[in-house]
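The next block holds one structure in the form of C-alpha cells; read it before the comments.
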Amino acid sequence: MKLFLWGGLILLLIAFQGSILNPLEINGIKPDFILLIVYLFGTSKGEIKGGLLGMFLGFMMDVISAGPIFYNIFSKFFIGYFAGIIGRWILNPGFMLHSGLISALSLVQGAGTLLVLTFLGKGNFPSDIIYIAIPQAFFDGALGGIIYFVISYSRKETISRWT
Amino acid sequence: MIRFLSINKKLLIAFLLLIGVFVLLSPEIKENPRYYLFEKPFSSTVNLIQSGFFFIFDGISNTWNGYIYLINIKEENNRLIEENNRLKAESVVLQEKALAGDRLQQLLDIKDTLNISYNAAGIIAKDPSNWYSAIVINKGERDRLRPNLGVITAEGVVGRIVKTAASYSRVLLLTDRNSAVAGLIQRTGDEGIVAGMGGRTLQLNFIMIDSEVQNGDLVITSGTDGVFPPGIVIGTINKIESPKNALFHTIELIPGVDLSRVREVMVLKTPLLPEVEKLLKEEIE
C-alpha cells in the first residue's frame, strides 16, 4: 500500500513539473520542483532514502524529457544523497543556508547538463550558463528557501499547539 | 561518514551500477521514434494526469476569457472591424494574384504541394527541464500521427513530432538545440538550414557571405526537408554578422510563433517520400 502511495506521489510530482509549473516561467525559466523535493526529502530522511527518491524522480523526468540521455537519474540521485549528508552533519540550518545550498546544487546540476551537451556537440558555453543555469539556480534557491521556511514555521506551530 | 559509507557501500555500488546502465543505454532509448515497453506505463500515466490538469486549467482559462475578460471586448471589436476592412481590401488584390499564380501553375504543370490534410491538437505538457524545448500533444498513433510530421500554427512553424504513443505525441520545438528545418529568405531566395539554439532565438546557417540579406527579412520553409511544405513562416531576421574571410553570414532569427504561449497546434500530415518511408521502417525494425 505504502509503495503504491509513493508511486502515485512520484507520478503526480512529475506531472506537476511539466504542466502546472509552466505559468511560473520567468523569461523561459521555471523552477526545478523535483530538485527541491529531493533535497528537502533527503535532508529530513537521510542519504539512502534521499538518493532513492532522487533516482526514481530523475528516471521519471528522463522518460518524459526530450534530453538526449538519461542524466537526471544520475544528478537527482546525488542531490538526494548529498542532501542526506547535509541533513545529518549541519545542525539546525536556517532557510537562508538551505536556499544557498539548493542554489549551489542546482548550479552544479546545470554545469553537469552543459558538460553532457558539450560532449554531444550541442552545448553553448557561456550563454547556457548565463541564461539557463544561473537564473535557474537563483529561482530554485529562492523557492526552496521559501518552501523550507513555510515547512519549518508550520512544524513549530504544530509543536507549540501540543505542548 | 566513512563508517556509514563502508556499511552502505554495497547498496551505493548497486545504485550506481543501475544508474550507469540507464545512462549508457539512454541514447538508444531516446532516439527511438516509439516509446519503449518500460517507458510506456510511466509516460502514459504522467500524460494522463497532465491531460487532467490541462482539462481543469483550460476550463478555468475559458471561463476567465469568456465572462470576466469581457471588459475589453468592445475595444477589441472596433479594432477587429478596422482590421477586417483592411483585410477585405487586401484580399481582393491577393485573389487577383492567386488567379494569376494558378494560371502560371497550370502552364508549368506544377503539382499542388499545399494540398495536405492536418489534425488539430492541444498541448497537454511541456518539457520538465529548462534545457530542452519540447511539448506533448493530445493526439497520437490513433489519429494516424507518426514521427517526422510537421507541427504549425497560423503564425508559423512550431516543430516536428519525434516520438509517438497511442494517444499522445512528443513534439520537438523549433528552438530546441536538436531541431533543424530547411528554410529560405523570402526576399532574396537564398536557402539555408534553420537550427534551434536552445534559447528563444534561432540561427540561419549556410547563407553565403555575398547574399544581400537584411534585418527584418522573412524566412520561410523551403519544402526541401520533406517535413514542411514550402511557404510557412519560420521567423524574421534579427541580427546579421558578416565576419571577414568567412564563407557564410551568421544570422539570428526571431521565431514567427511565440512558443511560450502556444496552446493549440496543427499537425501536417505530409505524405512520406517512398525512400524515406523505407528508411523509417528499417529504423523501427
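The values are calculated or read from the model by the stated rules, or taken from the named source; none is laboratory data. The structure presented is a predicted model; accordingly, all values stated were derived computationally and were not measured. Cβ coordinates were reconstructed from backbone atoms using ideal geometry, including for glycine residues, and neighbour counts include every protein chain displayed.
Taken together, the criteria place A:L57 among residues that are more than 9 Å from every other protein chain (Cβ to nearest Cβ), assigned to a helix (DSSP H, G or I), at pLDDT 85 or above and crowded, with 24+ Cβ neighbours inside 10 Å.
Quick one: is A:L35 more than 10 Å from chain B (Cβ to nearest Cβ), touching a residue at least 12 places away in the same chain (Cβ under 8 Å), farther than 25 Å from B:L48 by Cβ and buried (at least 20 other Cβ atoms within 10 Å of the Cβ)?
no
Here A:I86, A:I134, A:I79, A:I64 are screened, and the one residue that is within 10 Å of chain B (Cβ to nearest Cβ) and β-branched (V, I, T) is A:I64.
Across the stretch A:137-150, what is the total count of residues that are touching a helix residue (DSSP H, G or I) at 6+ places or on another chain (Cβ under 7 Å) and more than 12 Å from chain B (Cβ to nearest Cβ)?
Number of matching residues: 9.
Remark: A:V63 falls outside the filter, which requires a residue to be within 30 Å of B:N178 (Cα to Cα), in contact (Cβ under 8 Å) with a residue 12 or more places away in the chain and in a helix (DSSP H, G or I).
One residue stands out among those in the stretch B:133-144 that are surrounded by fewer than 21 Cβ atoms within 10 Å (Cβ to Cβ) and touching a strand residue (DSSP E or B) at 6+ places or on another chain (Cβ under 9 Å): the one that is nearest to B:D58 (Cα to Cα), which is B:N138. Exactly one residue among A:I132, A:I69 is closer than 30 Å to B:P33 by Cβ, in contact with a Pro (Cβ under 6 Å, 6 or more places away or on another chain) and in contact (Cβ under 8 Å) with a residue 12 or more places away in the chain, and that residue is A:I69.
The one condition from (1) within 25 Å of B:L12 (Cα to Cα); (2) surrounded by 24 or more Cβ atoms within 10 Å (Cβ to Cβ); (3) of a type outside the set (S, T, N, Q); (4) at the interface with chain B (Cβ under 8 Å from one of its Cβ atoms) that A:G18 does not meet is (1).
Taking the criterion of being without any contact (Cβ under 8 Å) to a residue 60 or more places away in the chain, not in a loop (DSSP other than H, G, I, E, B) and not aliphatic (A, V, I, L, M), the residues of the stretch B:189-247 that qualify are B:E191, B:G192, B:Q203, B:N205, B:T236, B:N238, B:K239, B:E241.
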